[in-house]
Amino acid sequence: MRKTLRNAGILGVGIYMPENIITNDYWDDKEFLNRPAKKSFEDCFIGIKERRYFSLDMCPSDAEVEAGKRALEMSGVDPNEIDLVLTHAMVPDETIPGNASIIQHKLGLKNAAAWNMDTCCSSFVTMLITASNLIACGTYNKILITTSIFHSKIIDENDYLSPCAGDGSSAVVIGEVSEDRGYIASHATSDGYYHDAFTVRERFPLAHSSKKHSNITSPIRNLMTTNPVKVKEMGRMSIEQMTPVMLKTLEKAELRPEDINFFLSHQPAPWAHDAWRDSIGIPKEKSYHTFSIYGNLASTSIPTNLYHALDKGLIKDGDYILIASPGAGENHTSAVLKWGK
């Protein structure tokens with residue numbers, strides 16, 4: 001017997017951000033040992049005033065649990081109603097297993113299965129698409145999505161990209177919504193050529209191998225590592241890669257850019273959000289980002305910006321919202337939904 005598809009949308013949003021604020025003067029006595037020749041020291045701080053780091057004793061799953069509690073509270077959903085947890089932790093508690101099951105356990109979601117999902121920085125959009133379709137076809141009813149990024153555990157402070165990287169966690173609850181609300185359409189592409197542009201690898205910090213810093217004895221550890229040639233290519237090709245994905249999403253939804261009431265995206269660099277928005281003609285006043293105070297939040301970016309936009313009253317019931325994010329690997333993902341329950 002064929003099932004009737006249900007509308008699925010966001011019922012609640014929660015974030016949990018570190019209290020420890022790191023301002024730009026943290027790097028005053030440091031040197032960026034991999035800084036491109038054409039980029040000045042000051043250029044590494046364009047568009048950002050501060051970022052936040054979690055304390056060393058905070059586990060990523062604990063941060064996601066706190067964000068999850070807040071999303072559940074906002075949604076009004078009883079924890080016993082959650083029947084699936086979808087999780088993306090860029091830096092999980094352990095290499096294996098991922099955080100999904102421990103989050104389910106810590107939150108006491110006794111009726112929930114728990115899955116880890118990973119398309120790197122685009123993982124929130126991927127999980128939203130997955131959750132919405134699972135609810136639409138009746139496989140699950142109430143799904144908790146959590147994300148976290150602990151850049152402070154993997155960033156090399158002598159890397160010129162380090163000032164743009166912050167920590168944070170977020171969560172949303174997805175469930176059935178009324179007709180003409182919720183998830184509408186999505187589109188995604190991938191290009192594995194860029195698979196090694198951003199990786200986390202076991203290596204010495206940059207300062208350890210520098211003759212100038214030869215007195216520093218730093219242990220080998222997992223650190224964010226970049227392929228300079230491919231990182232430059234990704235930046236140069238970003239608009240060309242993201243624009244058709246967003247336009248295809250709108251085409252599937254039978255919408256035009258002028259129909260979009262609000263735009264949210266990942267914020268990997270100071271220019272990215274504005275460039276993607278402008279590429280399809282969405283006005284600046286119909287968007288919001290938090291790069292200047294949080295920096296790059298990876299898969300936590302979109303739900304964090306959504307939370308703040310809602311708090312500021314920038315999103316209204318019935319608004320069409322377009323979300324978009326690339327992710328290392330490389331993935332390009334977009335979705336459109338109509339806000340409201």
* To do: Only residues that are assigned to a loop (DSSP other than H, G, I, E, B) and over 10 Å from residue 144 (Cα atoms): list them for region 80-102, please.
  => 90, 91, 92, 93, 94, 95, 96, 97, 98, 99
* Identify all residues within region 7-42 that are surrounded by 14 or more Cβ atoms within 10 Å (Cβ to Cβ) and of a type in the set (Gly, Ala, Ser); write none if there are none. => 8, 9, 12, 14
* Structure fact -> Note on region 201-221: residues in contact with a helix residue (DSSP H, G or I) (Cβ under 8 Å, 6 or more places away or on another chain) and at pLDDT 75 or above are 207
* Structure fact -> Checking 111, 99 in turn, the sole residue that is more than 21 Å from residue 9 (Cα to Cα), free of Cβ contacts under 8 Å to residues at least 60 places away in the same chain, touching a helix residue (DSSP H, G or I) at 6+ places or on another chain (Cβ under 7 Å) and not basic (Lys, Arg) turns out to be 99
* To do: Would you check which residues across region 19-65 are under 30 Å from residue 114 (Cα atoms), assigned to a loop (DSSP other than H, G, I, E, B) and not polar (S, T, N, Q) and list them?
  => 19, 54, 56, 57, 58, 59
* Asked: If you scan region 114-126, which residues turn out to be of a type in the set (A, V, I, L, M) and in contact (Cβ under 8 Å) with a residue 60 or more places away in the chain?
  -> 125
* Among the residues of region 171-179, is any out of contact with any Asp or Glu (no Cβ under 9 Å at 6 or more places or on another chain) and small (Gly, Ala, Ser)? -> yes
* Structure fact -> Subset of region 126-147, residues part of a helix (DSSP H, G or I) and polar (S, T, N, Q), comes to 126, 130, 132, 133
* To do: Starting from residues that are out of contact with any Pro (no Cβ under 8 Å at 6 or more places or on another chain) and among the β-branched types (Val, Ile, Thr), keep the ones in region 302-338 and report whichever is surrounded by the fewest Cβ atoms within 10 Å (Cβ to Cβ).
  => 315
* To do: Collect the residues in region 290-319 that are small (Gly, Ala, Ser) and outside any helix (DSSP H, G or I), keeping them in residue-number order.
  => 295, 313, 318
* To do: Of the conditions (1) surrounded by fewer than 18 Cβ atoms within 10 Å (Cβ to Cβ); (2) part of a loop (DSSP other than H, G, I, E, B); (3) of a type outside the set (Lys, Arg); (4) at pLDDT 95 or above, residue 77 clears all except one; give me its number.
  => (1)
* Structure fact -> Residue pairs within 9 Å by beta carbon, gap of at least six or interchain, first lying in region 300-317 and outside the structural domain of residue 122 (by TED's automatic domain parsing), second surrounded by fewer than 18 Cβ atoms within 10 Å (Cβ to Cβ) and small (Gly, Ala, Ser), listed first then second, are 316/340; 317/340
* Taking residue 135 as meeting all but one of (1) surrounded by fewer than 22 Cβ atoms within 10 Å (Cβ to Cβ); (2) touching a residue at least 12 places away in the same chain (Cβ under 8 Å); (3) of a type outside the set (Asp, Glu), write down the number of the exception. => (1)
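Could we say that residue 64 is among the acidic types (Asp, Glu), surrounded by 20 or more Cβ atoms within 10 Å (Cβ to Cβ) and over 20 Å from residue 326 (Cβ atoms) here?
Answer is yes for this residue.
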* Could you check, for region 197-207, whether at least one of its residues is without any contact (Cβ under 8 Å) to a residue 24 or more places away in the chain, polar (S, T, N, Q) and surrounded by fewer than 22 Cβ atoms within 10 Å (Cβ to Cβ)? => no
* Considering each of 249, 243 in turn, give the residue that is outside the structural domain of residue 146 (by TED's automatic domain parsing), closer than 25 Å to residue 179 by Cβ and polar (S, T, N, Q). => 249
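The values are calculated or read from the model by the stated rules, or taken from the named source; none is laboratory data. These figures come from a predicted structure and were not determined experimentally. So basically every Cβ, Gly included, is an ideal-geometry build from the backbone, and we count neighbours across all protein chains shown.
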